1. Can you tell me which residue within region 33-51, out of those that are near ligand 1 (Cβ under 8 Å from one of its atoms), outside any helix (DSSP H, G or I) and of a type outside the set (A, V, I, L, M), is nearest to the chain's Cα centre (by Cα)?
2. Could you check region 194-223 and list, in sequence order, the residues that are within 16 Å of ligand 2 (Cβ to nearest atom) and buried (at least 17 other Cβ atoms within 10 Å of the Cβ)?
3. Is it fair to say R56 is of a type outside the set (G, A, S), exposed (fewer than 15 other Cβ atoms within 10 Å of the Cβ) and more than 17 Å from S170 (Cα to Cα)?
4. Quick test for you: out of S175, S88, pick the one residue that is within 16 Å of ligand 2 (Cβ to nearest atom) and at pLDDT below 95.
5. Looking only at residues in region 20-75 that are at positive phi and out of contact with any Lys or Arg (no Cβ under 9 Å at 6 or more places or on another chain), which one is nearest to ligand 2 (Cβ to nearest atom)?
6. Hey, among the residues in region 65-98 that are more than 22 Å from V10 (Cα to Cα) and in a strand (DSSP E or B), which one's farthest from the chain's Cα centre (by Cα)?
7. What pairs come up if the first residue lies in region 205-233 and is assigned to a loop (DSSP other than H, G, I, E, B), the second is away from ligand 1 (no atom under 16 Å from the Cβ) and among the charged types (D, E, K, R), and their beta carbons are under 7 Å apart, counting only those six or more places apart or on different chains?
8. For L83, are the conditions met, namely being more than 20 Å from L189 (Cβ to Cβ) and within 16 Å of ligand 2 (Cβ to nearest atom)?
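The values are calculated or read from the model by the stated rules, or taken from the named source; none is laboratory data. What you see is a predicted model, and the numbers here were worked out from it, not measured in a lab. Cβ atoms come from the backbone with ideal geometry, glycine included; neighbour counts cover every protein chain shown.
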Amino acid sequence: MITTSGLTKVYRSRGREVTALDGVDLHVREGEVYGVIGQSGAGKSSLIRCVNLLERPTSGTVTVAGQDLTALAGRGPRAGKELREARSRIGMVFQHFNLLSSRTVQDNVELPLEILGLSGQARSRKALELLDLVGLADKARSYPAQLSGGQKQRVGIARALAGDPKVLLSDEATSALDPETTRSILQLLRDLNQQLGLTVLLITHEMDVVKSVCDSAALMESGRIVESGTVSELLATPGSELAAALFPVSGDTTGDDRTVVDVTFLGEAATRPVISQLSRTYNIDISILGAAMDTVAGKQVGRMRIELPGRFEDNVVPIGFLREQGLQVDIAGEDPAPTPESEPQLVKEGAK
Ligand SMILES: Nc1ncnc2c1ncn2[C@@H]1O[C@H](COP(=O)(O)OP(=O)(O)O)[C@@H](O)[C@H]1O
Ligand SMILES: [Mg+2]
């Protein structure tokens, strides 16, 4: 639904050059909620602004719903007609809502509809429909100043949906909100994704956001995507930074005469008594150093750090047993094999 290839963005200001995007290949499937996470300055906002051509990429292409936006003329407010039309089908939600304080809630939602040239009656019908959809039917005549942060963001979302977009882009939409309001806004995005089949690309610096709503995620560092995949793929990738951050497990890993192993249980494997089977089958004592169960992207996931007596070589068979049960098994304290520079650093299906 959204594909960028070789996307770069270099800002030039006062004789200095800043490379904000350095060859980004992103692929967001139709109907998924895709999270891009990274620290401040990683290039996340530049990425999202290049996806809807608010910024013109320095090089590379952006395709949304099969249309190559980079081939269309103009940029920012000087976009040509075709680009403006394409952009009206991409909704955008902002961290600071960007509502006009002098206009009522309904008038704020009507604004993009005015630009699209809808008549007064059609505009007001559509705006009220959208406000109903985001749970604000009773606030149509209020002004932004009379709303809470969460309500303002609901107005922002209603406005973003005015052009019946297939794609919604969200740049830190919940970063100005408290945790409870964040949850309700994320739930709204999830509901819209499911009810309207909306594809959502969201940018965040908060791991909890990825954890609660995203089907897929990418980690951005210094203008590059360093990891990406569905959340299940990431959790099943040895050494994945995103997986470790999504699902941390603690416990000491040192020791010569013992083997420490991280076991990840996905889906129904989480409910099977694998550890007691392992203990009984091989007659070994297993210590549990750390464990957690959680729901990630709507799926039950468990992670456990266990200790087996003896060196790794002595435990090849029990570890093989765990892998045969369909579990992800990582030997703790071992670095995963480095990815060669020449290979795209994308998570591949069935990666060992
Ligand atoms: N309009 C701009 N002009 C110059 N540099 C910019 C501009 N916008 C962003 N940058 C720089 O590009 C880099 C990436 O910024 P940004 O995309 O905003 O990252 P993020 O959203 O992840 O915090 C930063 O070093 C930032 O200072
Ligand atoms: Mg940003």
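1. Looking at the filtered set, the residue picked out is G38.
2. L201, L202, I203, T204, V209, V210, A218, L219, M220, G223
3. No, not satisfied.
4. Residue meeting the stated conditions: S175.
5. Ranking the candidates gives G41 first.
6. Q67
7. D215/E32
8. Taking the combined requirement at face value, the residue does not satisfy it.
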